[in-house]
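The values are calculated or read from the model by the stated rules, or taken from the named source; none is laboratory data. Worth saying up front: this structure is predicted, and the values here are computed from it rather than measured. Ideal geometry is used to build each Cβ from the backbone, glycine not excepted, and the neighbour counts take in all protein chains shown. To get the accessible areas, we keep the full protein, side chains included, count just its heavy atoms, and leave off ligands, DNA and RNA. Shrake-Rupley method; radii C 1.70, N 1.55, O 1.52, S 1.80 Å.
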Amino acid sequence: MAEHEQGRYRGFGPRPAGSLPLSHGLLDISPFPSAVKALFPQVPEAAQEPFTGITTDGRVVPDLFDLRDTGWDPEPAAKAALSFLDSLTPVQHKAVVFEIDATEWRMWINAFPTWEPHGLRLEDIEPGQRDRALAIMRACLSDQGYADARAAMKLNAALGELIDQYRDTLTEYGYYFALFGTPSSTEPWGWQLWGHHLDVHCFILGRQMVLTPTFMGAEPVEADRGTYNGTRLFDAQREAGLELRRSLRPAQARLAVVHESIRVQDLPPELADLADGRHRGGAGQDNRVIPYEGLRAANMSSGQQEMLLDLVRTYAHRMPAGPAGAVLDQVQQHLDDTHISWIGGAGRDDAFYYRVHSPVVLIEYDCHQGVFLDNDQPEPFHVHTIVRTPNGGDYGRDLLRRHLALHHRPGQR
């Protein structure tokens with residue numbers, strides 16, 4: 001059992017039935033007044049903007065990423081993807097495959113789409129086809145990464161069981177799957193799985209991979225009953241964060257802790273968003289300007305810097321060893337410019353938020369207030385996390401640009 005008592009959600013009940021106009025994974029916001037509609041992420045509109053990537057000041061830091069061999073074998077993933085495509089009907093094939101640079105990469109949300117979703121919903125295809133889609137994920141993720149993704153899916157269904165509502169939406173397979181490009185061991189391609197509390201974007205170029213943006217969340221983070229009893233998430237991410245926070249000396253903590261309370265009434269409005277909570281890099285925020293904040297790793301001891309790297313590892317190790325090692329090497333290279341910021345306490349049962357931010361990685365961990373449960377304050381049993389690659393790295397965009405410049409003439413795909 002982890003140090004914190006995640007089962008404490010049992011003190012809260014479900015929101016009243018029908019609070020959200022949800023049906024089969026879609027959210028109908030048409031009944032809401034304009035002021036409420038404006039609170040939802042404007043994903044379709046944001047996806048039409050030219051892609052820049054997350055920056056600290058609106059300008060991309062150049063030459064951060066390069067084409068390299070990370071030692072990962074892409075062949076099993078390509079074979080799994082081709083096997084999946086072979087199982088589809090022509091209509092399904094057309095619905096699931098997109099160009100490598102398609103706008104649909106950016107059309108995702110960690111809640112529920114308010115637009116016509118793209119891809120194939122895993123729940124709506126044959127079990128054998130679904131198994132082949134999951135085999136692509138398994139081939140591209142580490143054992144831990146695949147287990148975490150499947151846990152998020154199962155906890156979505158456990159939430160439906162717990163509150164006994166939205167049973168056509170809060171399900172294990174209520175996620176949309178899409179493929180980009182043509183699966184290959186040498187040419188660029190990728191896949192996307194997106195839906196409630198789980199959004200994974202995997203770009204593959206030869207023996208190289210980008211696995212961002214990746215959003216994982218759960219409400220609650222542990223199923224202690226029912227079909228999915230024993231399923232849990234985020235122990236490592238919480239404990240590694242707390243270990244680093246508790247290691248800070250008072251002068252360091254004064255820099256790292258930007259708000260001592262995470263209670264909604266104690267925070268500025270932009271940090272108490274109903275949809276994103278404290279997150280800055282959520283859905284529809286591909287081009288957001290996020291200045292550095294908090295304590296620089298250059299002002300940490302070597303032991304604290306290692307704790308910071310251990311925290312990053314809990315996220316990077318969802319990738320296979322080669323790509324994960326490449327990410328950690330990049331983080332190490334920019335360690336002095338890496339910042340840690342914190343909101344909330346650091347006690348056994350405290351809710352908190354942290355952000356790790358450098359030129360090459362953005363990680364956010366946020367304890368969220370209730371959406372389906374009726375806690376109006378952030379609690380440790382409802383967690384949202386996101387990992388991004390700033391400065392144009394998300395969706396493999398910078399690598400794709402470099403590849404096309406090197407191997408393709410202008411006007412040639």
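Counting only strands (runs of 3 or more DSSP E) wholly contained in the stretch 156-226, the ones carrying 2 or more residues that are of a type in the set (Phe, Trp, Tyr), at pLDDT 95 or above and closer than 23 Å to Leu27 by Cβ occupy 176-181. Within the stretch 388-409, the set of residues being in contact with a Leu (Cβ under 9 Å, 6 or more places away or on another chain) and either assigned to a loop (DSSP other than H, G, I, E, B) or among the acidic types (Asp, Glu) (or both) comprises Thr389, Pro390, Asn391, Gly392, Gly393, Asp398.
Can you say whether Ala240 is surrounded by 15 or more Cβ atoms within 10 Å (Cβ to Cβ), under 22 Å from the mean Cα position of the chain (by Cα), in a helix (DSSP H, G or I) and not charged (D, E, K, R), as far as the supplied structure shows?
Details: surrounded by 15 or more Cβ atoms within 10 Å (Cβ to Cβ): yes; under 22 Å from the mean Cα position of the chain (by Cα): yes; in a helix (DSSP H, G or I): yes; not charged (D, E, K, R): yes.
Yes, satisfied.
Filter the stretch 211-237 down to the residues that are among the polar types (S, T, N, Q) and either within 17 Å of the chain's Cα centre (by Cα) or surrounded by fewer than 21 Cβ atoms within 10 Å (Cβ to Cβ) (or both) and list them by number.
The first filter runs over the stretch 211-237 and keeps only residues among the polar types (S, T, N, Q), leaving 212, 214, 227, 229, 231, 237.
Of everything in the stretch 211-237, those that are among the polar types (S, T, N, Q) and either within 17 Å of the chain's Cα centre (by Cα) or surrounded by fewer than 21 Cβ atoms within 10 Å (Cβ to Cβ) (or both) turn out to be Thr212, Thr214, Thr227, Asn229, Gln237.
When you check Ala81 against the structure, is it within 23 Å of the chain's Cα centre (by Cα), hydrophobic (A, V, I, L, M, F, W, C) and not in a loop (DSSP other than H, G, I, E, B), yes or no? Answer is yes for this residue. Looking across the stretch 260-277 at every residue that is hydrophobic (A, V, I, L, M, F, W, C) and in contact with a Gly (Cβ under 9 Å, 6 or more places away or on another chain), the one that is most open to solvent (accessible area, probe 1.4 Å) is identified as Ala275. Restricting attention to the stretch 133-165, the residues that are touching a helix residue (DSSP H, G or I) at 6+ places or on another chain (Cβ under 6 Å), surrounded by 20 or more Cβ atoms within 10 Å (Cβ to Cβ) and not small (Gly, Ala, Ser) total 2. Of all positions in the stretch 356-368, none carries a residue that is of a type in the set (D, E, K, R) and either in contact with a helix residue (DSSP H, G or I) (Cβ under 9 Å, 6 or more places away or on another chain) or more than 17 Å from Leu271 (Cα to Cα) (or both). The residues on offer are Gln6, Gln42, and the sole one that is within 20 Å of Trp194 (Cβ to Cβ), of a type outside the set (Ser, Thr, Tyr), modelled with pLDDT under 95 and surrounded by 12 or more Cβ atoms within 10 Å (Cβ to Cβ) is Gln42.
Among the residues making up the stretch 91-135, those that are touching a Leu at 6+ places or on another chain (Cβ under 8 Å), of a type outside the set (A, V, I, L, M) and without any contact (Cβ under 8 Å) to a residue 40 or more places away in the chain are Gln92, His93.
Are any of the residues in the stretch 296-303 hydrophobic (A, V, I, L, M, F, W, C), in contact with a helix residue (DSSP H, G or I) (Cβ under 7 Å, 6 or more places away or on another chain) and assigned to a helix (DSSP H, G or I)? Taking every residue of the stretch 296-303 in turn, at least one turns out to be hydrophobic (A, V, I, L, M, F, W, C), in contact with a helix residue (DSSP H, G or I) (Cβ under 7 Å, 6 or more places away or on another chain) and assigned to a helix (DSSP H, G or I).
Conditions tested, residue by residue: (1) open to solvent by 30 Å² or more (accessible area, probe 1.4 Å); (2) in contact with a Lys or Arg (Cβ under 7 Å, 6 or more places away or on another chain); (3) of a type outside the set (Phe, Trp, Tyr); (4) farther than 18 Å from His259 by Cα.
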{"site": "Met300", "(1), (2), (3), (4)": "no, no, yes, yes"}
{"site": "Pro320", "(1), (2), (3), (4)": "no, no, yes, yes"}
{"site": "Arg355", "(1), (2), (3), (4)": "no, no, yes, no"}
{"site": "Val361", "(1), (2), (3), (4)": "no, no, yes, yes"}
{"site": "Glu364", "(1), (2), (3), (4)": "no, yes, yes, no"}
{"site": "Gln369", "(1), (2), (3), (4)": "no, no, yes, no"}
{"site": "Asp374", "(1), (2), (3), (4)": "yes, yes, yes, yes"}
{"site": "Phe381", "(1), (2), (3), (4)": "no, yes, no, yes"}
{"site": "Gly393", "(1), (2), (3), (4)": "no, no, yes, yes"}
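Considering only residues of the stretch 90-141 that are of a type in the set (S, T, N, Q) and assigned to a helix (DSSP H, G or I), which is farthest from Phe51 (Cα to Cα)? Walk me through it before giving the result.
First pass over the stretch 90-141, keeping only residues of a type in the set (S, T, N, Q): 92, 103, 110, 114, 129.
With assigned to a helix (DSSP H, G or I) added as a condition, the list becomes 92, 103, 129.
On the way: Gln92: 28, Thr103: 10, Gln129: 33 Å.
By that ranking, first place goes to Gln129.
On the stretch given as the stretch 113-132, residues that are open to solvent by 20 Å² or more (accessible area, probe 1.4 Å) and under 16 Å from Phe40 (Cβ atoms) total 4.
Out of curiosity, is Thr338 open to solvent by less than 10 Å² (accessible area, probe 1.4 Å) and either among the polar types (S, T, N, Q) or at pLDDT below 95 (or both)?
yes
Taking Ala253, is it of a type outside the set (Asp, Glu), in contact with a Phe, Trp or Tyr (Cβ under 9 Å, 6 or more places away or on another chain) and either within 21 Å of Asp350 (Cβ to Cβ) or modelled with pLDDT of 95 or more (or both)? Criteria met by Ala253.
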